[in-house]
Structures are given as structure tokens and as C-alpha cells.
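Notes follow the structure.
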Amino acid sequence: MTPIPVKDIEKYLPHRPPMVWIDEVISFSEKAGECKVVLRADGLYMDQHGLRPTSCLEFIAQAYGFISVCHHIYILDPNSKPLSKAFLASMKDAHLPPPEVLQQLRPGDELSIMISGVRQMGPIVIFNGRITRGELLVSESQMKVFKEYQQ
């Protein structure tokens, strides 16, 4: 079943292109998963210097969203309704990529975004995100999001 191109499931999230930055969901479960992004020179996450450090936070948040959607529609309920609202509520222990890491990233590089430790309390979800390129740690953060499904 995996990898799953996000274009096949993007209708379940409020994001729309060009703000959908994840390319594929590689694996998913209730508490973890992995997504892939291939950096593009024209991606909105880039600027004249390369990858914007803060874009890593959006990669992590979107990766969680797509992993969560896959779990809902492929495991829990194939008739799941789309999210009506999804907000990044907070970040903790966010480590953005330092300049020496950013200098190593180029268009065409594949980033892996791993989500783990998912804990849900009503509409609030806490999880850890980690971005790597091969063995290179790019960024990591714990996040809290609010999500609400359509009725």
C-alpha cells in the first residue's frame, strides 16, 4: 500500500497546493510514520539562500497530518471525513538546522520526516518530528496540534 503519493490523499487536509510540501507517505501507524520530500528549487520552502530553516517546522507538521490521514482512511475508516480545521498549537525543543547543515542541502535532495510518540487527548495531539537527509540530522521538534474533523 505504501508509498502513498500525497496527491491521492490531500483532499483530507485543509492544505492545498502550492502549500502541500510533502511528496509521499512512506509508512504509517497510529503512533508513528515517515514521509518523504524531494527538495525543489522552486518550492515555497526555499529562498535565495536555499532551504529556509523555519520550513522544517512546516515539514514536520504536514508529515504528521498526512500520516494521521493515512491511518484514518486506510486502517480505521475508509469513509473518514476530511479535517475541517488543523492548527499548529505549540512547539517544544525545536532545533532548526544550523547554517552548516543548510549549506549541505540542495534541490534534488531527499528528506525523510519521521513522526513518533503520537499521543492524542481529544482534538489535541502531541508528537515528535525528526528530519534527516541520509545520516544527517536536519531538524527536530516536539509539536502540539489541534485538529477537528467535519461532522
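The values are calculated or read from the model by the stated rules, or taken from the named source; none is laboratory data. As the structure is a computational prediction, the values presented were derived from the model and not from experiment. Cβ sites come from the backbone with ideal geometry, for glycine too, and all protein chains shown count toward neighbours. Calculation scope for accessible area: heavy atoms of the full protein, side chains included, ligands and nucleic acids excluded. Shrake-Rupley method; radii C 1.70, N 1.55, O 1.52, S 1.80 Å.
Here are a few things to note about the model shown:
- Descending semi-axes in Å of region 69-144, equivalent ellipsoid built from Cα gyration tensor: 28, 16, 11
- The value of relative contact order for region 76-136, using C-alpha pairs under 8 Å at least six residues apart, is 24 percent.
- Within a Gaussian network of the chain (alpha carbon springs, distance under 10 Å), most fluctuating of I73, I115, I60: I73
- Of the residues H71, H15, the one with the largest accessible area comes first in the ranking H15, H71, computed with a 1.4 Å probe on protein heavy atoms.
- All other residues whose Cβ lies under 15 angstrom from that of M19 are scored, Lys and Arg at +1 and Asp and Glu at -1, for a net of +1.
- Computed from backbone phi, the HN-Hα couplings of region 113-122 come to 10, 9, 10, 8, x, 5, 10, 10, 10, x Hz, rounded to whole numbers (Karplus: 6.51 cos²θ - 1.76 cosθ + 1.60, θ = phi - 60°; Gly and Pro given as x).
- When +1 charges are put on Lys and Arg Cβ atoms and -1 charges on Asp and Glu Cβ atoms, the dipole computed for the chain relative to its Cα centre reaches about 420 debye.
- Computed E for K11/R40 - FRET, C-beta separation, R0 22 angstrom, nearest 0.05: 0.50
- Formal net charge of residues neighbouring I124 (Cβ-Cβ distance under 10 Å; K, R +1; D, E -1): +3
- Candidates A61, A32, A41, ranked by Gaussian network fluctuation over the chain, Cα under 10 Å, top entry: A41
- Under 15 Å, Cβ to Cβ, from E30 - net charge with Lys/Arg +1 and Asp/Glu -1: +1
- Spatially near lysine pairs across the chain, Cα under 17 Å, sequence gap of 8 or more or different chains: 11
- Ranked by solvent-accessible area (1.4 Å probe, protein heavy atoms only, all chains present), the residues Y74, Y45 order from largest to smallest as Y74, Y45.
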